[in-house]
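Data first, discussion second: the structure below is written as structure tokens.
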Amino acid sequence: MSDSPDTSEKKRTLRVRKSMLELQRRFSLSYRLWQDLKAGWKGALFSLGVHGLLLLLLSILVFQIIHPEPMILYMGWATVVDDADDKEEDTEPVVEPIHIPSLGMSRPTETQDTNTDPDRNDPKPVERPGVNPVAVSNSLQNRPKWTGNTREGGPKDEDLRKSLDAALKWIVRQQQADGHWSLTGPYPDAGTVETDTGATALALLCLLGDGNTHENGIYSQQVNKGIQWLIGQQHPDGDLFDILEQGREAHFYSHAQATIVLCEALALTHDPALRPPAEKAVEFLVRAQNPKWGGWKYRPLSESGIGDLSVTGWVLMALHTARMADIEVDLETYRLADLFITSVQENEIDGSHYKYRPDLPAEESQRLSMSAEGLLCRQWLGWPKDNFDLKRGVNFLQQEQNRPEWLAHRRNVYAWYYIAQTLHNLGGPQWEQWFPPVQQMILSNQISAGPTTGSWHPHRPEGAFHERSHDAGRLYMTAMCVLILETPQRHAPVYDTTAE
């Protein structure tokens, strides 16, 4: 039954009244909000800004936690580097923020101040030693010499001789039919790094270090096959790297090591067939240097590229060896290298401690290896034996916290390789106190039974991260141990007067 007209009218009136009341309520609320906003707009705007800033900071913090900065690896081998790391820019050079310390300032030498304590933090600056690469004419005089199957020279220590023989036998067994070696096997505990150039060069350096060449020695055939394989990899520009990909970390390590092999073999045998590939390999390194700031990296650099000390050290070792083979390099290359090494000093007027790159802060985990490498480079470039910074840096290398130990996360054959050379160049008590215990430690951890006899295990224990045995594997670990053990016979000390 429908409502009467009066009832319907009353309902419509009631609905209209409710609607009016609702509109009035909403208007009143909007009016109050407007009044509040009008009265406090400044505070509201400030509050909005503060909350927006807090949200921005919170988002950045969350992003950093989820996407942490990658760890800088100085002894890198196989990863492909981000283009932003070394890419040559067409705009502003990325090296402009780098601070190059004053090249005319250094610390005093002992001849200038006989009362100087090398551990004292004396800020008095004096003229820095000039760049004068050391004499190399007799650098290889300590190498064993082979006549047929007879070896003259080498270590007299029977345990050391036995260890080196076992290690070289294991290395020779890993050579492939075409003459190359690999870091990825097929032996146990191989690495993941892909560079046959680097693996072949390291193996050949060990064989050459014991006096074998492609002409003489019990492993002359293996050395010859390895050298011929390296030469077969060489590109028209002189590059010896076996992978056609720019920017790999292994690139310049491998090329520099292979260059050392060619130059050592040339210096030891004077074989004219080795001179052209050796010269091309050296020329490739010279062209790859940053032409303004010095230094080398994972690819050829222009002024916009930033080098690192780890790669630069291997390159300078190659140039040092080139001079033994009568391959001269323009002095400007060494001056630029010295400029770069100065730029990676931890302190502007203190050349005793070094870091990985000039644009990065010093990292404690790299300090030992980088300081040893920097000091060794200084020796090659002509720092005198009594240089204040050299003496102070060597004292750091031998401090108790840096004492070599074959323990998990403390073993570091990469750092020991540079320390051994630096101390051997100096000779005397510092070398005599450091090398024998390190030698004994390496000998006592060599595998003495089974198919891996003569090698060293890369993961027992796990070495320091920057040792890089965790990814370079057993061949790399074995080669580094052999090169340390061969230190006394590889090169005569740079301060040996008989090497003048």
**Asked** How many residues, within the range 465-476, are modelled with pLDDT of 95 or more and either of a type in the set (Lys, Arg) or in contact with a Lys or Arg (Cβ under 9 Å, 6 or more places away or on another chain) (or both)?
**Response** 2
**Message:** Between Asn224, Asn142, Asn149, Asn216, which is under 20 Å from Lys280 (Cβ atoms) and open to solvent by 10 Å² or more (accessible area, probe 1.4 Å)?
**Reply:** Asn224
**Request:** Give the residues of the range 444-471 that are among the hydrophobic types (A, V, I, L, M, F, W, C) and either loosely packed, with under 15 Cβ neighbours inside 10 Å or under 26 Å from the mean Cα position of the chain (by Cα) (or both), sorted by residue number.
**Result:** Ala449, Trp456, Ala464, Phe465
**Message:** One residue is enough: does the range 463-471 have a residue meeting the conditions of a type in the set (Ser, Thr, Tyr) and outside any loop (DSSP other than H, G, I, E, B)?
**Reply:** yes
**Item:** Residues satisfying the stated conditions in the range 425-439, i.e. surrounded by 13 or more Cβ atoms within 10 Å (Cβ to Cβ) and touching a residue at least 24 places away in the same chain (Cβ under 8 Å)
**Value:** Asn425, Leu426, Gly427, Gln430, Trp434, Phe435, Val438, Gln439
**Message:** Exactly one condition in (1) open to solvent by 10 Å² or more (accessible area, probe 1.4 Å); (2) touching a Cys at 6+ places or on another chain (Cβ under 7 Å) is false for Arg275; which is it?
**Reply:** (2)
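State yes or no: is Lys162 charged (D, E, K, R) and in a loop (DSSP other than H, G, I, E, B)?
no
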**Prompt:** Of the residues Ile243, Ile227, Ile260, Ile231, which single one is of a type in the set (Val, Ile, Thr), under 23 Å from the mean Cα position of the chain (by Cα) and either more than 19 Å from His320 (Cβ to Cβ) or modelled with pLDDT under 95 (or both)?
**Reply:** Ile243
**Asked** So is Val286 within 20 Å of the chain's Cα centre (by Cα), open to solvent by 30 Å² or more (accessible area, probe 1.4 Å) and at pLDDT 95 or above or not?
**Response** yes
**Prompt:** Given the conditions (1) open to solvent by 20 Å² or more (accessible area, probe 1.4 Å); (2) over 20 Å from Tyr253 (Cβ atoms); (3) in contact with an Asp or Glu (Cβ under 8 Å, 6 or more places away or on another chain), which single one is not true for Thr192?
**Reply:** (2)
**Asked** Of all residues in the range 362-404, which are in contact with a strand residue (DSSP E or B) (Cβ under 9 Å, 6 or more places away or on another chain) and more than 16 Å from Gly313 (Cβ to Cβ)?
**Response** Ala362, Asn387, Phe388, Asp389, Lys391, Arg392, Val394, Asn395, Phe396
**Request:** Scan the range 263-285 for residues that are charged (D, E, K, R) and closer than 12 Å to Ala322 by Cβ and jot them down.
**Result:** Glu264, Arg275, Glu279, Lys280, Glu283
**Request:** State all residues of the range 205-219 that are closer than 22 Å to Ser139 by Cα and touching a residue at least 60 places away in the same chain (Cβ under 8 Å); if no residue qualifies, say none.
**Result:** Leu205, Cys206, Leu208, Gly209, Asp210, Gly211, Asn212, Thr213, Asn216, Gly217
**Message:** Based on this model, can you work out whether Glu346 counts as closer than 25 Å to Ala415 by Cα, among the charged types (D, E, K, R) and over 14 Å from the mean Cα position of the chain (by Cα)?
**Reply:** yes
**Request:** Filter the range 483-500 down to the residues that are assigned to a helix (DSSP H, G or I), among the aliphatic types (A, V, I, L, M) and modelled with pLDDT of 95 or more, then identify the one that is farthest from the chain's Cα centre (by Cα).
**Result:** Leu485
**Request:** Inspect all residues belonging to the range 342-351 and state whether any of them is within 30 Å of Asn142 (Cβ to Cβ) and touching a helix residue (DSSP H, G or I) at 6+ places or on another chain (Cβ under 7 Å).
**Result:** yes
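For (1) more than 18 Å from the chain's Cα centre (by Cα); (2) modelled with pLDDT of 95 or more; (3) of a type outside the set (A, V, I, L, M, F, W, C), each residue gets a yes or a no:
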residue	(1), (2), (3)
Met370	no, yes, no
Asp389	yes, yes, yes
Arg392	yes, yes, yes
Phe396	yes, yes, no
**Fill in**
Within the range 147-156, the residues that are more than 18 Å from Ala492 (Cα to Cα) and either in contact (Cβ under 8 Å) with a residue 24 or more places away in the chain or among the small types (Gly, Ala, Ser) (or both) are Thr147, Gly148, Asn149, Arg151
**Request:** Output the qualifying pairs, or none if there are none: Cβ atoms under 8 angstrom, residues six or more apart or on different chains, first residue in the range 395-410 and farther than 20 Å from Gln440 by Cβ and in a loop (DSSP other than H, G, I, E, B), second residue open to solvent by 50 Å² or more (accessible area, probe 1.4 Å) and of a type outside the set (Gly, Ala, Ser).
**Result:** His409/Glu462; His409/Phe465
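Could you tell me whether Arg161 is charged (D, E, K, R), free of Cβ contacts under 8 Å to residues at least 40 places away in the same chain and touching a Pro at 6+ places or on another chain (Cβ under 7 Å)?
Here the answer is yes, as Arg161 does meet what is asked.
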**Request:** All but one of (1) open to solvent by 30 Å² or more (accessible area, probe 1.4 Å); (2) at pLDDT 95 or above hold for Gln421, so report the exception by its number.
**Result:** (1)
**Request:** Residue by residue through the range 302-311, note down the ones that are open to solvent by less than 10 Å² (accessible area, probe 1.4 Å) and either more than 18 Å from Ala362 (Cα to Cα) or free of Cβ contacts under 8 Å to residues at least 40 places away in the same chain (or both).
**Result:** Ser304, Gly305
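The values are calculated or read from the model by the stated rules, or taken from the named source; none is laboratory data. Everything numeric here is computed off the predicted structure, so don't read it as measured data. We place every Cβ from the backbone using ideal geometry, glycine too, and count neighbours over all the protein chains shown. Note: areas computed on protein heavy atoms with side chains; ligands, DNA, RNA excluded. Shrake-Rupley method; radii C 1.70, N 1.55, O 1.52, S 1.80 Å.
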